[in-house]
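*Asks:* Pasting in a structure now, in structure tokens, and then I'll have a few things to ask.
The values are calculated or read from the model by the stated rules, or taken from the named source; none is laboratory data. Given the structure is predicted, the values throughout are model-derived calculations rather than measurements. Cβ sites come from the backbone with ideal geometry, for glycine too, and all protein chains shown count toward neighbours. Each accessible area value is taken on the protein alone, full model and side chains, heavy atoms only, with ligands, DNA and RNA left out. Shrake-Rupley method; radii C 1.70, N 1.55, O 1.52, S 1.80 Å.
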Amino acid sequence: MDIYDKLFWLLSAITVGCALGVILSRNPVNSVLFLVMTFMCISGHYILMNAQFLWIVNLIVYAGAIMVLFLFVIMLMNLNSDVEPQKGQLVQLAGVISGGVLFLVLLAAVKTAVPVGIDKQSLDIGLIENLGKTLFKDYVLPFEISSVLFLSAMIGAVVIGKKDDSAITNETVQ
Amino acid sequence: MLLLQIDTALILEKVILISVILMGSLGIAMYATWGERKVAAIMQDRIGPNRAGPLGLLQPLADGVKLFFKEEIIPDRSTRLIFILGPCLAMLTALMTSAVVPWAPDLVTDSGRTITFQVADINIGILFVFGVVSLGVYGIMLGGWASNNKFSLLSSIRAASQAISYELAMGISLIALLMMTGSLSLRDIVQQQHGFWADGYFTWNVFKQPLGFIIFLTCAFAELNRAPFDLPECESELNMGYHLEYSSMKLGFYLFAEYINLFISSTIIITLFFGGYNFPFMDQVAGAVSPLLFSIICILVLISKAVGMVLFFMFIRWTLPRFRYDQLMKLGWRSLIPLALVNMLVTGAAILFVFKGK
């Protein structure tokens, strides 16, 4: 077992531990913090594969942006166990069953998957040059289509979030 | 595994470098607090700190000792663990950014060993800075929330939304610069700005990307929560801001992290736009002095440029009045982001049509 494997197992253990922390902790803020830790550990796995760009993008987008928004909402709503409605026994049972079924499907998918493994000789596969070339040469059409999808989602969010016209005119009059 | 080839000499070299950088940034941050008071005093026609030592030079030490000996208060209704975690995170992220700054060109010793004055040359250097800065928001948000005080919460929410909004314009203004340099590594970016004048034009990026620089600088003010964008600490509305409930050295950590951030971001701005450690006629100087002395000169050049930038931040603080919160958001979303986008498009078009993709 070389140092690479040791790091891999260490990181994986922390990842799983933090992921458990997300669902087991009672305080939603703690859950978010555990989730941030989980993302950081997953980013660590990218480092092990020398995919530096993916590492930092994962950090910026998930830990730095999306989780900050999560934290934002949770702080503003100030959730805690007193005000949070407790679910009934039946609902909890249904949740466990559906979650278990999903887990089973994932397990089945992983079991039949063929491990590709990383080529330890080609260390530059995750660097930004190669990623850019792949993205803008081989997969340029799907990439552009998905960006149009994002744009439409953004416009949709703006339209939904916009106040109605009468409110705006009132504001400007004041 | 090929990724992890390190020998003892390298570890020793890096440990020394990291310690020197940490001590250096702490020392400079300490004297930045003194400098801020002196600058404020001069601009308001006062004397400023003058009791502790000559010119008040021991004032930062006195402040540090005072903070250490103050009573440590953790509010009853606070979330204790996160309350302690907040300042730690703020300090940690403030100190992490300096890892990718190249302080001087490589030094080749007589025994043929190359010493790099950069803790880590990762090929996504500038994105690392962005990543750490975006994590820096957690320190403020968690501290403000865990205090269980409405003013702290409001202030931390202001800080976070401000940081998120201005990160966008900052990133887009940087893309224009990166299209010209063709590299994300700060080391490459600095090496491309070698000297001061080459091929009939300045080599420093500020002369190639003036608009990008102004946008970046404005966003840096907002990211650092400094005046005129210091809404999270606006005394007249929020008492003290997100560190309202903090006392003793935890408060010290927050205040100190701010000054470390100030110094490190000045260094990053200098590295990106003002040629880093490069200075005019550096080739002639390199020929005249020994390599070690040349490295020291380069480090001093970078630090003095950064200190100049810090002074500029301070001058602005005592010159411009504070923005209102809606004005701040309007400036960020409606002016800076479109401006940065236009800058990016113009740069892209210029590279494609005028310089033919050079």
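*Asks:* Give me the Kirkwood hydrodynamic radius of the range B:292-358 in Å, from all C-alpha pairs, to one decimal place?
*Replies:* After inverting the pairwise mean of 1/r, the radius is 16.0 Å.
*Asks:* Something else now. Using θ = phi - 60° and the Karplus curve 6.51 cos²θ - 1.76 cosθ + 1.60, what whole-Hz ³J(HN,Hα) does each residue of the range B:67-79 get, with Gly and Pro shown as x?
*Replies:* 5, 5, 8, 6, 5, 8, 10, 10, x, 4, 8, 7, 8
*Asks:* Quick check: convex hull of the Cα atoms in the protein assembly as shown, volume per residue, rounded to a whole Å³?
*Replies:* Once divided by residue count, the hull of the protein assembly as shown is 229 Å³.
*Asks:* Residue by residue through the range B:309-324, what is 3J(HN,Hα) from phi via Karplus (6.51 cos²θ - 1.76 cosθ + 1.60, θ = phi - 60°)? Round to whole Hz and write x for glycine and proline.
*Replies:* With coefficients 6.51, -1.76 and 1.60, one gets 5, 4, 4, 4, 4, 6, 4, 4, 4, 9, 10, 9, x, 6, 6, 8 Hz.
*Asks:* In terms of Cα to Cα distance under 16 Å, which lysines are near enough to B:Lys66, apart from those fewer than 8 places away along the same chain?
*Replies:* Within the straight-line limit of under 16 Å, B:Lys66 reaches these lysines: B:Lys250.
*Asks:* Ranked from the most accessible area to the least, with a 1.4 Å probe and all protein chains present, what is the order of B:Phe312, A:Phe136?
*Replies:* Putting B:Phe312, A:Phe136 in descending order of accessible area: A:Phe136, B:Phe312.
*Asks:* Rounded to the nearest 0.05, what FRET efficiency do B:Asp76 and B:Val108 give with R0 = 51 Å and r taken as the Cβ-Cβ distance? Could you check?
*Replies:* 0.25
*Asks:* Starting at the first residue of the range B:106-111, write each ³J(HN,Hα) from the Karplus equation 6.51 cos²θ - 1.76 cosθ + 1.60 with θ = phi - 60°, in whole Hz, x for Gly and Pro.
*Replies:* Listing the rounded values in order: 4, 10, 9, 7, 4, 7 Hz.
*Asks:* Okay, next question. Taking Cα pairs under 8 Å and at least six residues apart, what relative contact order does chain B come out at, in percent?
*Replies:* Reported as a whole number, the value is 23 percent.
*Asks:* For a distance above 14 Å, tell me the whole-number percent of Cα pairs in the range A:1-84 that qualify.
*Replies:* Here the tail beyond 14 Å accounts for 66 percent of pairs.
*Asks:* For the range A:1-84, what relative contact order do you get, as a whole percent, if you take Cα pairs closer than 8 Å and at least 6 residues apart?
*Replies:* In percent, rounded to a whole number, it is 29.
*Asks:* Summing +1 for each Lys or Arg and -1 for each Asp or Glu, what net charge is found among the other residues whose Cβ lies under 9 Å from the Cβ of B:Ala40?
*Replies:* Net local charge, B:Ala40 excluded: +3.
*Asks:* I've got another one for you. Would you compute the Debye intensity of chain B from its alpha-carbon atoms alone, equal scatterers and no solvent, and pass along log10 I(q)/I(0) at q = 0.08, 0.15 Å⁻¹ to two decimals?
*Replies:* Log10 I(q)/I(0), no solvent term: -0.43, -1.42.
*Asks:* Of all the Cα-Cα pairs you can form in the range B:201-294, what percent are over 22 Å apart?
*Replies:* Counting pairs separated by more than 22 Å, the tail of P(r) holds 50 percent.
*Asks:* Helix-only mean residue ellipticity at 222 nm, chain B, DSSP H runs n ≥ 4 weighted -39,500 (n - 2.57), per residue, nearest 500. What is it?
*Replies:* So the calculated ellipticity at 222 nm is -21000 deg cm²/dmol.
*Asks:* Taking the Cβ of B:Ile115 as the centre, find all other residues whose Cβ is under 9 Å away and add up their charges (Lys, Arg: +1; Asp, Glu: -1).
*Replies:* Surrounding charge for B:Ile115 is -1.
*Asks:* What do you get for the angle between helix B:80-96 and the principal long axis of chain B? Use alpha-carbon atoms, 0 to 90 degrees, nearest ten.
*Replies:* The angle comes out at about 20 degrees.
*Asks:* Label A:Phe8 and A:Val116 with points 7 Å out from Cα along Cα→Cβ: what is the distance between them in nm?
*Replies:* 1.5
*Asks:* Further question: Note down the net charge around B:Val100, summing +1 for each Lys or Arg and -1 for each Asp or Glu among other residues with Cβ under 14 Å from its Cβ.
*Replies:* 0
*Asks:* Along the principal axes of its C-alpha atoms, what lengths does the range B:151-308 span, in descending order and rounded to whole Å?
*Replies:* 58, 33, 23
*Asks:* Using 5 Å bins from zero, what percent of all Cα-Cα pairs in the range B:86-169 falls into each bin?
*Replies:* Percent of pairs per bin, in order: 3, 14, 17, 17, 14, 11, 8, 6, 4, 3, 2, 1, 0.
*Asks:* Right, something else. I'm a student and want to see the number: the projected area of the Cα convex hull of the range B:217-256, averaged over all directions, in nm².
*Replies:* The orientation-averaged projected area of the Cα hull of the range B:217-256 comes to 3.0 nm².
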